[in-house]
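The structure appears right after this line, and notes come after that.
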Amino acid sequence: MAPVRDLDAAHSKIKEFAWEPDYFARKPMRETKYKIPRRSKDPFRTLLRDYVAMEEEKDNRQYGALEDVVARTRSPERAQHRWMEVLKPLLSMTTCAEYAAVKCMASLVDTVDNPELRQGYVAQMLDEMRHTNQETYLIRYLARHAPDPAGFNSALSARSVNPLIRAARGAVFDVFLNEDPLTCSIQVQVVGEAGYTNAVFVAATEIAAANDDPATPSVFLNIQSDEVRHMANGYATLAALLAEPDNLPTLQRDLDVAFWRLHVFMDNFLGVVYDYFPKVRLRSYREYWEQWIWEDWIGGYVERLAPFGLEVPRWTERIRTDIAWGGHTCAMVAAALWPVHYWRHDVMGPDDFEYLEEKYPGWERYYGPFWEQYEEMSDPANGALALSLIESIPALCRVCHMPVILPRPDLSDSRLVRDSAGRKHALCSEPCESLFREAPWRYQCATWLELYDGMDLAEYIERVGLLRSDGRTLVGQPHLQTDEKHLWTIDDIKRMSIEIRDPLRDVDASTLPVIA
Amino acid sequence: MTGPDTDVADGFYSPRELTYIQPAGRRLSGYEAAICHVQPDVDHYDFGGWLLLAPDGKSLFEQSSTRLVHPDWFEYRDPSSLWQRTYMRQQAVEERAVASLLESARSYGYFADLDGFWAREILARYHQGYGFLEWGLFLALNRAVRLALSDTLTMMITFTAVDRLRHQQAIALFGLELEQELGGIPEGLGREAWLCDPVYQPARRVVERLMAAEDWCEIVVVCGLLIDPLLSMLAGRHFFRRFASVNGDAVTPAIAITAERDRLRYLRAVRGLVEMVTSDTDRAGAAVPAAANREILQDWIDLWGPPVLAAVDAFLPVFDLPTMRPVVGEEARDAVVAGCTTELERFDLELRR
């Protein structure tokens, strides 16, 4: 494509077309509490002419690879099955985040009256739609080519009714949209993209490649090349906000909350993904976290803003400590709940035990017995569900909707409270309690346990569509075996007559402290 | 959902096709697979409500964000079936064509041969001024991106908003070439025309009003059924494209024709939306308040039609400025009014003065 001769002039020229309306006053959809300078640095500096050429080329590379090489060589069939299973929840979560970011960018364009920042947000809006489509394409691609299509073929409906993945919305969907647009920008760009996309897209890429999965790296690396620009958007937004000293207290609060919200779902979820699903292991999630979040994001990004008065997020030390155990507890709860999942949750073998104990000294003491019995109970012939290995399904936090036994049952600082109307709430931690205290009316959503409390487990499985097309075999399985005699069916579940039970049901509300 | 393309994986009893999308046709399309149900929705799969309400207690998506009512906005399908890959491919082709034309123009002395009056008075002033209209439409449509009540609508509107930004940038970059090649063109003629020239003030009034509008369907419909077929058709097609050709300018028509292609695609997309809200039932058989929706649509036509027509009339004097005139302004106006009237009649809607 013929280059524009004077790029600086071109970038300036395209931004000259905004004007202050005279005939009709324009109010943004959502006002911001921040003061935003009218001009700042352009973080994107990309003309649409160049952008469409660049993205077309990237699309050709990625889709070409998937459609020609990967499919023809039937590579997805040879990928490690255990790894392929976790792509079902992982991709259904990332798709949710990408799409929310489309609308978040539209909200920023609407509110932020600054031509430089707007250019960046518009291009990112297109990028996010691109990523949404890339990831749904990959989901369908894997439904067609992965060894087990179940769960890929239902990914975007199954995610919504899954007790754990449903919580993703609290970290990467609702919070990307339902705040002050600049608060959402902190959540999406400053913490989500600058902090977590490396931990998702780069780490997952290298693990996927090690586990003989060529499709995921083709898509994820392609996506990550856009994310770098989004980080620049986030930094430009931060710089613009920090240019106005009055913004600092609000910005600090938003950064604190954003990091907690992302952490409480993402770190626990990614801990499960990276520590429990690769067959060929590279690094533990804690090691990835230390590199991408602690050293790169906290050390290389947030701390560099100290001269402007911005401090490391309030709950960082706690988060760093919790990383050691949260993923393991989450994995245990997830495994115990395997019949309600849209993926197969494999057993842990001797190599896994050794690896996890080495990376997380003490792991075997806390989690080893569960996984030993989990394997025993993975055979339907034994007539027992792993759910019986935990005292009960733990209550879910009203704010983050994660199990309230994180990071580890004996370390949890969860609390039960009631509001002035007598409604009972479990809160997983002090940070979630502080969010709830600030605005309890914002957290009205029923937890998964409240929604299905009292329902028979078999009825639930049938009702939400967790059976395979033979009408009997469960989508979720507690192993990767394919021999029919090892596959759990709805009849096995029916025989056990298990009731989904919200532990809050039996708690006497009058004994709980009133919080709001 | 199983069918000829949805074989069941050996040993896993599972169809190799997405099961959570009800295709509009017999088979699931690549377009539907790329976008359907990416937007969580409490009326579809995401039971129990939103995890976080807004500080004012509002939901993420409010049915009240538009006066039109439909039982299932997720049924919408873009008739062009565009998703990001196909959209990007189309736009890259368009932009390559414009860029190569500009490059050739620059290399072969094209700008020096341009009629001076056309270049300095029409292009630098009115064509650049028209770029403001495109930018304003982008900003208005962008609001609808956030508010739209389903993913398929959101994606269609996103592409349409970006279309307008692409048009604005193409106009801006052509303007920059003119300034650099010809020299002596005062800065800001386009802005001055848009902000002060009487020929653009009624258009600016319409665009500013749309930029302030809060009903996302109103923004989408007014842009697609009134502003595009009346104002953009008059200025973009009948004036800039047709007049440029006879005034020795080959670049402006190339820019204009790509915009026309996008507008035609958008018109089809808006037709799809209007058909959806004026059908008696949705695809699942649920009742659609078609009559009430048609009344609302007519309200919008009545509210916005006269000011858009005023903007059309105000632009007509520009038709008298160039020496070479392939069409009289009033004839062009009659043509766009007739086209718009016919389009609205498809839905029993009427353009009234």
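I'd like the full set of residues that are within 30 Å of A:T183 (Cα to Cα), part of a helix (DSSP H, G or I) and of a type in the set (D, E, K, R), limited to region A:62-116.
To start, the set of residues in region A:62-116 that are within 30 Å of A:T183 (Cα to Cα) comprises A:87-116.
Next, from what is left, pick out any that are part of a helix (DSSP H, G or I): A:87-111, A:115-116.
Of everything in region A:62-116, those that are within 30 Å of A:T183 (Cα to Cα), part of a helix (DSSP H, G or I) and of a type in the set (D, E, K, R) turn out to be A:K88, A:E98, A:K103, A:D110, A:E116.
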Worksheet item: If you check B:V206, B:V222, which single one turns out to be surrounded by 24 or more Cβ atoms within 10 Å (Cβ to Cβ), under 19 Å from A:K27 (Cβ atoms) and in contact with a Pro (Cβ under 8 Å, 6 or more places away or on another chain)?
Response: B:V206
Item to complete: Within region A:474-492, track down each residue that is acidic (D, E) and touching a residue at least 12 places away in the same chain (Cβ under 8 Å).
Response: A:D491, A:D492
Practice prompt. Working only within region A:338-356, note down all residues that are within 19 Å of the chain's Cα centre (by Cα) and either under 23 Å from A:A324 (Cβ atoms) or at pLDDT below 95 (or both).
Written response: A:H345
Item to complete: Provide a single number: the residues in region A:49-64 that are more than 10 Å from every other protein chain (Cβ to nearest Cβ) and either of a type in the set (A, V, I, L, M, F, W, C) or buried (at least 20 other Cβ atoms within 10 Å of the Cβ) (or both).
Response: 0
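What about A:D483, is it surrounded by fewer than 18 Cβ atoms within 10 Å (Cβ to Cβ) and not β-branched (V, I, T)?
Values: surrounded by fewer than 18 Cβ atoms within 10 Å (Cβ to Cβ): yes; not β-branched (V, I, T): yes.
Answer is yes for this residue.
Scan A:R118, A:R144, A:R166 and give me the residue that is more than 19 Å from A:L66 (Cβ to Cβ), more than 19 Å from the chain's Cα centre (by Cα) and not hydroxyl-bearing (S, T, Y).
From the options A:R118, A:R144, A:R166, the qualifying one is A:R118.
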Worksheet item: Regarding B:A97, is this residue more than 12 Å from chain A (Cβ to nearest Cβ), of a type in the set (A, V, I, L, M), more than 23 Å from B:I21 (Cβ to Cβ) and in a helix (DSSP H, G or I)?
Response: no
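This table checks each residue for (1) facing another protein chain (nearest Cβ under 8 Å); (2) buried (at least 22 other Cβ atoms within 10 Å of the Cβ).
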position	(1), (2)
A:D6	yes, no
A:E31	no, no
A:I36	no, no
A:L47	yes, yes
A:L66	no, no
A:R78	no, no
A:P89	no, yes
A:M93	no, yes
A:A97	no, yes
Response to the item:
By residue number, the members of region A:411-438 that are farther than 19 Å from A:D506 by Cβ and touching a residue at least 40 places away in the same chain (Cβ under 8 Å) are A:L411, A:S420, A:C428, A:S429, A:P431, A:C432, A:E433, A:L435, A:F436, A:R437
Worksheet item: Has region A:460-470 got any residue that is surrounded by fewer than 15 Cβ atoms within 10 Å (Cβ to Cβ) and modelled with pLDDT under 95?
Response: yes
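Just wondering, is there one or more residues in region A:493-502 that are more than 10 Å from chain B (Cβ to nearest Cβ), touching a residue at least 60 places away in the same chain (Cβ under 8 Å), surrounded by fewer than 19 Cβ atoms within 10 Å (Cβ to Cβ) and more than 30 Å from A:E375 (Cβ to Cβ)?
If we filter region A:493-502 for residues that are more than 10 Å from chain B (Cβ to nearest Cβ), which is where we start, we get A:493-502.
If we keep only those that are touching a residue at least 60 places away in the same chain (Cβ under 8 Å) as well, we get A:493, A:495-496, A:498, A:500-502.
Next cut, surrounded by fewer than 19 Cβ atoms within 10 Å (Cβ to Cβ) only: A:495-496, A:498, A:501.
Narrowing the set further to residues that are more than 30 Å from A:E375 (Cβ to Cβ) leaves none.
Scanning region A:493-502, I find no residue that is more than 10 Å from chain B (Cβ to nearest Cβ), touching a residue at least 60 places away in the same chain (Cβ under 8 Å), surrounded by fewer than 19 Cβ atoms within 10 Å (Cβ to Cβ) and more than 30 Å from A:E375 (Cβ to Cβ), so the answer is no.
Okay, residues lined up against (1) under 16 Å from the mean Cα position of the chain (by Cα); (2) more than 18 Å from B:R241 (Cα to Cα); (3) crowded, with 24+ Cβ neighbours inside 10 Å:
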| position | (1), (2), (3) |
| --- | --- |
| B:S80 | yes, yes, no |
| B:R89 | no, yes, no |
| B:V93 | no, yes, no |
| B:V98 | no, no, no |
| B:R106 | no, yes, no |
| B:L123 | no, no, yes |
Item to complete: Filter region A:135-171 down to residues that are closer than 26 Å to A:H263 by Cα, of a type in the set (S, T, N, Q) and facing another protein chain (nearest Cβ under 8 Å) and give me whichever is surrounded by the fewest Cβ atoms within 10 Å (Cβ to Cβ).
Response: A:S157
Discussion item. Give all pairs with beta carbons closer than 7 Å in which a residue from region B:159-181 that is on the phi > 0 side of the Ramachandran plot meets a residue that is surrounded by fewer than 21 Cβ atoms within 10 Å (Cβ to Cβ) and of a type in the set (F, W, Y); count only pairs at least 6 apart in sequence or on separate chains.
Written reply: none
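For every residue, the table says whether it meets (1) touching a Lys or Arg at 6+ places or on another chain (Cβ under 7 Å); (2) more than 20 Å from A:D127 (Cα to Cα); (3) within 14 Å of another protein chain (Cβ to nearest Cβ); (4) hydrophobic (A, V, I, L, M, F, W, C).
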| site | (1), (2), (3), (4) |
| --- | --- |
| A:L177 | yes, no, yes, yes |
| A:D180 | yes, yes, yes, no |
| A:V190 | no, no, no, yes |
| A:F220 | no, no, no, yes |
| A:R229 | no, no, no, no |
Practice prompt. Quick one: count up the residues across region B:51-82 that are under 27 Å from A:L449 (Cβ atoms) and out of contact with any Cys (no Cβ under 6 Å at 6 or more places or on another chain).
Written response: 9
Worksheet item: Hey, any hits in region A:425-434 for a residue that's under 28 Å from the mean Cα position of the chain (by Cα), over 30 Å from A:E317 (Cβ atoms) and part of a loop (DSSP other than H, G, I, E, B)?
Response: no
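Filter region A:436-464 down to residues that are in a helix (DSSP H, G or I) and touching a helix residue (DSSP H, G or I) at 6+ places or on another chain (Cβ under 7 Å) and give me whichever is nearest to A:R398 (Cα to Cα).
This residue is A:W448.
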Fill in: Selection status of A:P214, under 25 Å from A:S75 (Cα atoms) and surrounded by fewer than 23 Cβ atoms within 10 Å (Cβ to Cβ)
yes
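Of the residues A:L457, A:L435, only one is at pLDDT 95 or above, under 23 Å from A:F265 (Cα atoms) and not β-branched (V, I, T); which?
Numbers: A:L457 fails: under 23 Å from A:F265 (Cα atoms).
Of A:L457, A:L435, the one residue that is at pLDDT 95 or above, under 23 Å from A:F265 (Cα atoms) and not β-branched (V, I, T) is A:L435.
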Fill in: Residue list for region B:257-294, restricted to those being in contact with a Pro (Cβ under 9 Å, 6 or more places away or on another chain), among the aliphatic types (A, V, I, L, M) and farther than 21 Å from B:D215 by Cα
B:A284, B:A286, B:A287
Worksheet item: Any idea which of B:D56, B:D41, B:D78, B:D113 is without any contact (Cβ under 8 Å) to a residue 12 or more places away in the chain and more than 7 Å from chain A (Cβ to nearest Cβ)?
Response: B:D56
Item to complete: Sort out which residues of region A:100-122 are more than 9 Å from chain B (Cβ to nearest Cβ), aliphatic (A, V, I, L, M) and within 26 Å of B:R89 (Cβ to Cβ), and write them in order of number.
Response: A:A101
Worksheet item: Taking region A:19-28 as the search range and keeping residues that are surrounded by 15 or more Cβ atoms within 10 Å (Cβ to Cβ) and of a type in the set (A, V, I, L, M, F, W, C), which one is farthest from the other protein chains (Cβ to nearest Cβ)?
Response: A:W19
Worksheet entry | Residue ID - nearest to B:S29 (Cα to Cα), chosen from residues in region A:123-133 that are within 8 Å of another protein chain (Cβ to nearest Cβ) and in contact (Cβ under 8 Å) with a residue 60 or more places away in the chain | A:R130
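From the list B:G25, B:G49, pick out the single residue that is within 8 Å of chain A (Cβ to nearest Cβ), in a loop (DSSP other than H, G, I, E, B) and of a type in the set (G, A, S). Before the answer, list the steps.
Details: B:G25 fails: within 8 Å of chain A (Cβ to nearest Cβ).
The match here is B:G49.
Could you check how many residues of region B:242-286 are among the acidic types (D, E) and touching a strand residue (DSSP E or B) at 6+ places or on another chain (Cβ under 9 Å)?
Taking region B:242-286 as the starting set, the residues that turn out to be among the acidic types (D, E) are B:249, B:260, B:262, B:275, B:280, B:282.
From what is left, the residues that are touching a strand residue (DSSP E or B) at 6+ places or on another chain (Cβ under 9 Å) are B:280.
Residues meeting the conditions: 1.
The values are calculated or read from the model by the stated rules, or taken from the named source; none is laboratory data. Quantities reported herein were computed from a predicted structural model and do not represent experimental measurements. Don't worry about glycine lacking a Cβ; one is built from the backbone with ideal geometry, like all the others, and counts go over all protein chains shown.
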